[in-house]
Amino acid sequence: LFQSAGYDAETTVCHKDGRMVFTSSKDGDLDIYAMNADGSHVKRLTNTPGYDGGAFWSEDCTKIVWRASRPQGKELDDFRALLKQELVRPTQLEIFVADISPTNELSHIEQVTKLGKASFAPYMQPDDKHVVFASNVDDPKGRGFDIYRIEIDPKTNAVKGGGTRESLERITMNPSFDGFPMFSPDGKKLVFSSNRNGSRPGETNVFIADWVE
């Protein structure tokens, strides 16, 4: 469907019409692109320097949510130097949300988190009012990740509470790793990956839980 000389990955599909969003380095940065189900009409959606990736569609395919780094100064120089070697080392990632039209135009682009930590793997709750994601915001050493939820305005995507730690609802309390949360289409189940209950250190398994408001 698509290939370039660099990195092309992190693809997710809108189940309504087959449109895809993905991350590519084809234009010299790591940005999010969209294309039709047959690989036609490739369009760049983001253009801010840094790593934009891991995009997912909302259940109704009217929004996308993704992770992004926004390095500046020397950090941006280091990012670009690594990218030329086809490497990336983002330590600070924030969550972004935007509306997306049927012709892949973005609007109401909002930075959802302002945590200064590694927040990633965002997913829209089917109500379009909440985003779940993984973050190490509560681990001083930065190695323990848990799942959090944050509320947004479904009309404007503006975050309620400013996107700081106080805005978050912590969903898991596991001392090792919980991440990659995803909702079932009806919003009644949450599936995620975790290191809990592993037979050896670092083992990751998939878990499912009922979602109760």
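Pairs exceeding 23 Å between alpha-carbon atoms, taken from 63/129; 16/117; 129/188: 16/117. Here r is the Cβ-Cβ distance between residue 44 and residue 92 and R0 is 22 Å; the resulting FRET efficiency, rounded to 0.05, is 0.45.
Adding -39500 (n - 2.57) for every DSSP H run of four residues or longer, then dividing by how many residues the chain holds, sets the calculated 222 nm ellipticity at -1500 deg cm²/dmol. Counting only lysines at least 8 places from residue 84 when in the same chain, those with an alpha carbon closer than 16 Å to its own are 26, 74. Over all pairs of different C-alpha atoms, the chain has a mean inverse distance whose reciprocal, the Kirkwood radius, equals 17.8 Å. Here r is the Cβ-Cβ distance between residue 188 and residue 107 and R0 is 25 Å; the resulting FRET efficiency, rounded to 0.05, is 0.25.
Take the chain with all the other protein chains still there, run a 1.4 Å probe, and you get 51 Å² of accessible area per residue. Computed from the Cβ-Cβ distance with R0 of 22 Å, the FRET efficiency linking residue 156 to residue 13 stands at 0.25.
If you take all other residues with their beta carbon under 13 Å from the beta carbon of residue 168, and give Lys and Arg +1 and Asp and Glu -1, the sum is 0. Cross-link partners of residue 43 among aspartates and glutamates, defined as those whose alpha carbon lies under 17 angstrom from its own and excluding same-chain residues fewer than eight positions apart: 8, 10, 17, 27, 29, 31, 52, 99, 105. Roughly speaking, to the nearest percent, how much of the stretch 78-186's 1.4 Å accessible area is carbon and sulfur? Here it works out to 52 percent.
The values are calculated or read from the model by the stated rules, or taken from the named source; none is laboratory data. Just so it is clear, the structure is predicted and the values come from calculations on it, not from any experiment. All Cβ positions, glycine included, derive from the backbone under ideal geometry; neighbour counts span all protein chains shown. We work out accessible area using only protein heavy atoms, side chains counted, and drop any ligands, DNA or RNA first. Shrake-Rupley method; radii C 1.70, N 1.55, O 1.52, S 1.80 Å.
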